[in-house]
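First up is the structure itself, then whatever we jot down about it.
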Amino acid sequence: MDKKKVKIGVFGGARGFTMISQLLDHPDAELVAVCDKFTPLLDRVRETAKSYGVEVALYDDFDEFLKHDMDAVVLANYANEHGVYSVRCLEAGKHVMSEVLPVETPAQAVALVEAVERTGLVYTYAENYCYMKAPFEMFRRYRKGDIGEIIYAEGEYIHDCSSIWPDITYGEKDHWRNRMFASFYCTHSCGPLIYISGLRAVKVVGLEPLPNTTPKQCEVGMIGGTALEMITLENGAVIKSIHGGLKREPGSINYQVYGTTGMMESARYNEAEFNIYREGDKYCQGTWEKYMPENDVGSNIASKSDGHGGSDFYTTHCFIEKILGNPDGELAIDVYTAVNMGMCGIMAFRSILDGNTPKEIPDFRKKEERDRYRYDNACCTPSVAGDSLLPPSSFPIPEIPDETYENVRKQWLREDNPIKYRF
């Protein structure tokens, strides 16, 4: 008897191409459909699938794509639209894996949680930085009790995207990256620490440093935003989360977790290296271990994927295994944890606009909390926010002329662009 495979479609052929490649390789999955508005990406998918001897249905219309015979959908569309499309897929009877971020507003978080509960379908969140080698090892060692209870942690995701801005915004003036507030894209820095701890974030203070609005930045339509979130966990521990496009190369991905009996960290200049200190019987005396961990989850196929240090594989793999009810699926990030991670940035921006005052992070497991935020769509997207439109920054933002975005689009569309279809 043939083993059951999960039939999966992918919405978004740029960032989604990573998942497309993984699905073509995964023994428990079958890639059956891909949707994207940019048809050259669909041509690329067709040729790639053909090299595997697979025929994939291709769509440039999401409504038609959603009608396709499939069990699940991977959402790799624009980051501020994941919440809305997640609900649509769930209501259509499809399991969902959502790329970063889970939602744009608290109201979308309420709708997403209730759609998952109502349908009983699988939702997982593809916060791939949780599965990078060092933070994933921290997850395992923390759950073994190797450093006691978490007291303080730091997460850092510094990535200056100005050199690739044309290739990830396509010259679209209203692209989400061109209008989103600085604390929105928070879960690469705070997400792994929430995942490691297994605790809920309950309060946040947001801070926004001066944006980078030099002419050099503005000429690609990029207004560099950086944000810090000081997050309190339910046990009283504090996380410092920093992310944005600060100037340094290479960028920095770094995590530190301090516990009652020791600490763990990733190496500053090699995020795959894991370090752990454990105090012994005597005060201030202990031992260090330093090594390069190897993820052994799905190890027979994990080696085929190297995206984001190999972590991209685990989001897709754990989603598939969750649907099938297999043990690796228990490592997936569920909807409650996903919206908790995402709300750290949403509420941090409200803190920023309110003079850095602390803001509670709602617990959407509770109906009374949902009811408080059920119609709260305050954000930076006019079509979503309506009368609750927020500014993109607490600082004045320079006006970028339309010609700038026209020039950026020309850069993206140039014939010799080697990464036009990568993102």
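Considering only residues in region 2-40 that are assigned to a helix (DSSP H, G or I) and touching a strand residue (DSSP E or B) at 6+ places or on another chain (Cβ under 6 Å), the one that is surrounded by the most Cβ atoms within 10 Å (Cβ to Cβ) turns out to be 19. If you go through region 180-213 and keep only what is within 30 Å of residue 414 (Cβ to Cβ) and either surrounded by fewer than 20 Cβ atoms within 10 Å (Cβ to Cβ) or more than 19 Å from the chain's Cα centre (by Cα) (or both), you end up with 211, 212, 213. Evaluate the following for residue 173: is it part of a strand (DSSP E or B), at negative phi and open to solvent by 10 Å² or more (accessible area, probe 1.4 Å)? Judged against the criteria, residue 173 is not a match. Applying the condition of being hydrophobic (A, V, I, L, M, F, W, C) and open to solvent by less than 50 Å² (accessible area, probe 1.4 Å) to region 267-297 and asking which residue is nearest to residue 320 (Cα to Cα) yields 297. Kindly check whether there is at least one residue in region 236-259 that is touching a strand residue (DSSP E or B) at 6+ places or on another chain (Cβ under 7 Å), closer than 27 Å to residue 130 by Cβ, open to solvent by 50 Å² or more (accessible area, probe 1.4 Å) and not in a strand (DSSP E or B). Yes. Taking first residues from region 340-356 that are farther than 14 Å from residue 228 by Cα and partners that are surrounded by fewer than 21 Cβ atoms within 10 Å (Cβ to Cβ), the Cβ contacts under 7 Å between residues at least 6 apart in sequence or on separate chains come to 340/200. Of the numbered criteria (1) open to solvent by 50 Å² or more (accessible area, probe 1.4 Å); (2) of a type outside the set (A, V, I, L, M); (3) within 22 Å of residue 313 (Cβ to Cβ), the one residue 86 fails is (1). Elements of the type helices (runs of 4 or more DSSP H) sitting completely within region 320-400 and holding at least 2 residues that are open to solvent by 70 Å² or more (accessible area, probe 1.4 Å): these cover 367-373, 382-385. Residues in region 144-164 that are of a type in the set (A, V, I, L, M, F, W, C), open to solvent by 20 Å² or more (accessible area, probe 1.4 Å) and either at pLDDT 95 or above or within 23 Å of residue 395 (Cα to Cα) (or both): 151 only.
Please verify whether residue 43 is in a helix (DSSP H, G or I), farther than 19 Å from residue 95 by Cα and free of Cβ contacts under 8 Å to residues at least 40 places away in the same chain, treating the condition exactly as stated. The answer is yes for residue 43. Take the conditions (1) within 20 Å of the chain's Cα centre (by Cα); (2) over 29 Å from residue 345 (Cα atoms); (3) assigned to a loop (DSSP other than H, G, I, E, B); residue 101 misses just one of them, which is (2). Scanning region 260-282 for residues that are in a strand (DSSP E or B), of a type outside the set (A, V, I, L, M) and modelled with pLDDT under 95 returns 270, 271, 273.
The values are calculated or read from the model by the stated rules, or taken from the named source; none is laboratory data. Computed from a predicted model, the values in this text were never measured in an experiment. Glycine gets a Cβ as well: all are built from the backbone with ideal geometry, and neighbour counts include every protein chain shown. Areas reflect the complete protein model, heavy atoms only, side chains present, ligands, DNA and RNA absent. Shrake-Rupley method; radii C 1.70, N 1.55, O 1.52, S 1.80 Å.
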